[in-house]
Amino acid sequence: MLEHQLESIMITKEGLFDDLNAIKQLDLPQCYIAAGYIRNYCWDYLSNYEKHLPLNDVDIIYHDPQNVAFEQEVEAEQRLNKYKPQYNWSVKNQARMHLTNGTLPYSSTLDAMRHWPETATAVGMRLDDTGRIEIIAPYGLDDLFHMQLRKTDLFTNVDYYYMRHQSKGWLERWPKLRLVDIR
């Protein structure tokens with residue numbers, strides 16, 4: 001099962017459980033560490049890179065329709081900055097991100113992730129109440145493990161999708177990565 005394989009890879013990441021515990025301490029509903037934190041580490045691991053790509057930011061996502069105030073995100077980022085100031089924390093309530101993305105409201109964190117640009121990016125991880133790793137991935141983990149860059153069905157801005165991976169230099173960083181062309 002790919003979830004177990006991803007967990008086996010991610011537990012080799014120094015500080016993973018500390019990071020997951022810090023996220024859990026935020027006590028935000030449906031809260032996960034996601035996107036490049038997982039994707040980049042996994043692709044580096046699959047590419048046998050000993051030196052890992054530094055993160056531009058660390059995405060923390062949650063879904064709280066009862067409190068869509070931007071201040072809640074800022075407070076969470078401040079708490080995380082005290083924990084690990086070397087990270088550029090980016091905390092986003094997915095219950096308000098539909099406004100930014102011009103879509104209907106999302107019903108959950110998982111639903112919001114379905115609207116992200118790439119399938120391999122739409123992966124989140126957290127600790128459950130028993131301290132075990134829980135993984136969510138609305139598109140599964142095949143593209144992540146097969147190193148395929150594929151646009152999600154619900155992400156409609158095709159030009160942004162192509163500009164995004166080109167500007168980040170992913171195909172140069174990971175030569176095994178394959179672009180699944182959707183034009």
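The values are calculated or read from the model by the stated rules, or taken from the named source; none is laboratory data. Since the structure is predicted, the reported quantities are computational estimates derived from the model, not experimental observations. Neighbour counts run over all protein chains shown; Cβ positions are idealised from the backbone, glycine included. Just so you know, the surface numbers come from the protein's heavy atoms only, side chains and all, with ligands and any DNA or RNA stripped out. Shrake-Rupley method; radii C 1.70, N 1.55, O 1.52, S 1.80 Å.
Does residue 47 satisfy the criteria of being open to solvent by 10 Å² or more (accessible area, probe 1.4 Å), closer than 24 Å to residue 149 by Cα and within 15 Å of the chain's Cα centre (by Cα)? Let's see the steps before the verdict.
Working: open to solvent by 10 Å² or more (accessible area, probe 1.4 Å): yes; closer than 24 Å to residue 149 by Cα: yes; within 15 Å of the chain's Cα centre (by Cα): no.
No, not satisfied.
Could you tell me which numbered condition residue 62 fails, if it satisfies all but one of (1) modelled with pLDDT of 95 or more; (2) over 27 Å from residue 181 (Cβ atoms); (3) open to solvent by 60 Å² or more (accessible area, probe 1.4 Å)?
All conditions are met except number (3).
Are any of the residues in segment 16-38 aliphatic (A, V, I, L, M), out of contact with any Phe, Trp or Tyr (no Cβ under 7 Å at 6 or more places or on another chain), more than 17 Å from residue 115 (Cα to Cα) and open to solvent by 10 Å² or more (accessible area, probe 1.4 Å)?
Within segment 16-38, one or more residues are aliphatic (A, V, I, L, M), out of contact with any Phe, Trp or Tyr (no Cβ under 7 Å at 6 or more places or on another chain), more than 17 Å from residue 115 (Cα to Cα) and open to solvent by 10 Å² or more (accessible area, probe 1.4 Å).
Which condition from (1) open to solvent by 50 Å² or more (accessible area, probe 1.4 Å); (2) touching a strand residue (DSSP E or B) at 6+ places or on another chain (Cβ under 6 Å) is the one that residue 87 breaks?
Condition not satisfied by residue 87: (1).
Any residue in segment 144-154 that is buried (at least 20 other Cβ atoms within 10 Å of the Cβ), closer than 23 Å to residue 30 by Cα and in contact with an Asp or Glu (Cβ under 9 Å, 6 or more places away or on another chain)?
yes
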